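Here is the structure we will look at, set down as C-alpha cells.
None of the figures in this text is laboratory data; all of them are computed from the coordinates on show. A quick note: this is a predicted structure, and the numbers were derived from the prediction, not measured. Using ideal geometry, Cβ is built from the backbone for each residue, glycine included, and neighbour counts are taken over all protein chains shown.
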Amino acid sequence: MGFSSPTPEPQSPGVLLDQLLGSLLDDFSSWFERGLLLLDHCPEAVMPKDQQLILRDHLVQARKELCAATSLRQAAPIPMALEMETLAPWHQLVLSVWNLSAALRRHGVTLP
C-alpha cells in the first residue's frame, strides 16, 4: 500500500490576492520608514534641506495613506485590491529612497 502526500488545498484567487497585497503593503511600510531614517542622517551636501523637507513630507503623507489602506484591508470582509493610481506614487517614493541611499553611500555616509 503506497502513501502519498496530501495534495494541498488550492487557495482561492481572492486569498492569494489578499496575501500578496499584505506583503506589498508591509514592504511599502518598511521602505517609507527607511526613507525617514535616511533623511535623519542626510547631510545637505547629499541633498539640500528644501529637497529633504519635500521628500519627508511625501513619505509622511504616504505613510498616512498606507495606514488608511491597511485599515481598510483589515476591515474588509472580502479580499481587496488597490488601484495602480494609488500604488504608482508609492513605487516612486521607494525609488526615491533607493536613490537617496545610493547618494549617501557615494558620499561615504555610514548608513544606519
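Worth a mention:
- When shorter helices are ignored and each DSSP H run of at least 4 residues is given -39500 (n - 2.57), the per-residue value for the chain at 222 nm works out to -25000 deg cm²/dmol.
- In sequence order, calculated HN-Hα J values of the stretch 86-99 (Karplus, 6.51, -1.76, 1.60; Hz; x Gly/Pro): 7, 6, 4, x, 5, 4, 4, 5, 4, 4, 5, 5, 4, 5
- Gain on full extension, evaluated as 0.36 nm per residue between GLN74 and SER29 minus their Cα-Cα distance, stands at 14.7 nm.
- Options TRP98, MET80, SER30, ranked by Cα towards positive dipole end of the chain, top entry (Cβ charges): TRP98
- Couplings 3J(HN,Hα) for the stretch 21-31, derived from phi with the Karplus relation 6.51 cos²θ - 1.76 cosθ + 1.60 (θ = phi - 60°), are 4, x, 5, 5, 5, 4, 5, 4, 4, 4, 5 Hz, where x marks Gly and Pro.
- Cα-based shape type of the stretch 14-106, given that a ≥ b ≥ c are square roots of the gyration tensor eigenvalues and the cut on a/c is 1.5: prolate
- Sequence-separation-based contact order of the chain, relative, with Cα cut under 8 Å and 6+ spacing, percent: 42
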